[in-house]
Amino acid sequence: MLTQKYLMVFSILILSAGICSAQQKTQACPWQFHSVNNIGLLEGQTGSSFQLQTINGAQFKSWFAGVGLGLDFYRYRTIPLFLDLRKEFGKSSNKLFLFTDVGTNFSWVTDNEKTSYELNDKFGGGFYFEGGLGYKISVSKNNSLLLSLGYSYKKLYETYDYPVYLMYTQNSMNNWSEKINYSLNRLSIKIGWEF
């Protein structure tokens, strides 16, 4: 039963691709696959860092939706996984666009970023968001340069244990746990390539 559903979905996708490729040259298929690759600078209260992103998805007329994956080096290294939604404005080949990214980020903290090696540091990811506006400069039929400016937010947490020595107890040492939540607000400036 489940295999039949997958087969039906696969058949619909193949049929859609066939219909798009069978269109006359005067009528372009409204659905287009795009890949967007960005490199950017994140600026916030704790300094400056770089970010890398790759987003892959489909565009229908002036709307684009895709799934993105990145590397975010701001304060603590994380891997954002997000849904990207864009809306383009204008009829010329160069266009303004608005974008929003919503998802989660996974911690991938380096040893140098940890508080202490002795405290059993553990990091966990959390919510990820980025939104802003940009300008798309057409370089050729299927290639564009993207410039964007936006606000970016990521949340993650750190937990660690440290020993506490207690007097007048049978056990002289207990572990105490502490959790710190980080909410990081940043300005994002990116340059990208869409094909």
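The values are calculated or read from the model by the stated rules, or taken from the named source; none is laboratory data. These figures come from a predicted structure and were not determined experimentally. Cβ sites come from the backbone with ideal geometry, for glycine too, and all protein chains shown count toward neighbours.
Scan segment 42-71 residue by residue and report those that are outside any strand (DSSP E or B) and out of contact with any Lys or Arg (no Cβ under 9 Å at 6 or more places or on another chain).
Initially, segment 42-71 is screened for residues outside any strand (DSSP E or B), giving 45-46, 61-62.
Of everything in segment 42-71, just one residue is outside any strand (DSSP E or B) and out of contact with any Lys or Arg (no Cβ under 9 Å at 6 or more places or on another chain), namely K61.
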Just give me the residues in segment 132-161 being closer than 19 Å to Q45 by Cβ and not aliphatic (A, V, I, L, M), in sequence order. G132, G150, Y151, S152, Y153, K154, K155, Y157, E158
Of L41, L96, L85, which residue is at pLDDT 95 or above, touching a strand residue (DSSP E or B) at 6+ places or on another chain (Cβ under 8 Å), surrounded by 15 or more Cβ atoms within 10 Å (Cβ to Cβ) and closer than 17 Å to L145 by Cα? L41
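What do you reckon, is F89 over 25 Å from Q32 (Cα atoms) and without any contact (Cβ under 8 Å) to a residue 60 or more places away in the chain? Reasoning before the result, please.
Details: over 25 Å from Q32 (Cα atoms): no; without any contact (Cβ under 8 Å) to a residue 60 or more places away in the chain: yes.
No; evaluated as a whole, the condition is false for this residue.
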Does segment 164-174 include one or more residues that are farther than 20 Å from L52 by Cα, within 25 Å of the chain's Cα centre (by Cα) and at pLDDT below 95? no
Confirm whether D84 is in contact with a Leu (Cβ under 8 Å, 6 or more places away or on another chain) and part of a strand (DSSP E or B). no
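Yes/no per residue for (1) under 23 Å from S183 (Cβ atoms); (2) modelled with pLDDT of 90 or more; (3) over 27 Å from the mean Cα position of the chain (by Cα):
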| position | (1), (2), (3) |
| --- | --- |
| K122 | yes, no, no |
| G132 | yes, yes, no |
| S144 | no, yes, no |
| S148 | yes, yes, no |
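Suppose we keep only residues that are surrounded by 14 or more Cβ atoms within 10 Å (Cβ to Cβ) and over 18 Å from Q51 (Cβ atoms) within segment 150-163. Which one would you say is modelled with the lowest pLDDT?
Initial filter on segment 150-163 (surrounded by 14 or more Cβ atoms within 10 Å (Cβ to Cβ)): 150, 152-161.
Filter again for over 18 Å from Q51 (Cβ atoms), leaving 157-161.
On the way: Y157: 91, E158: 88, T159: 86, Y160: 79, D161: 76.
Per the criteria, the residue is D161.
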List the residue pairs whose Cβ atoms are under 6 Å apart, where the first residue sits in segment 65-85 and is farther than 29 Å from P30 by Cβ and touching a residue at least 40 places away in the same chain (Cβ under 8 Å), the second is of a type in the set (V, I, T) and assigned to a strand (DSSP E or B), and the two are 6 or more positions apart or on different chains. D72/T78
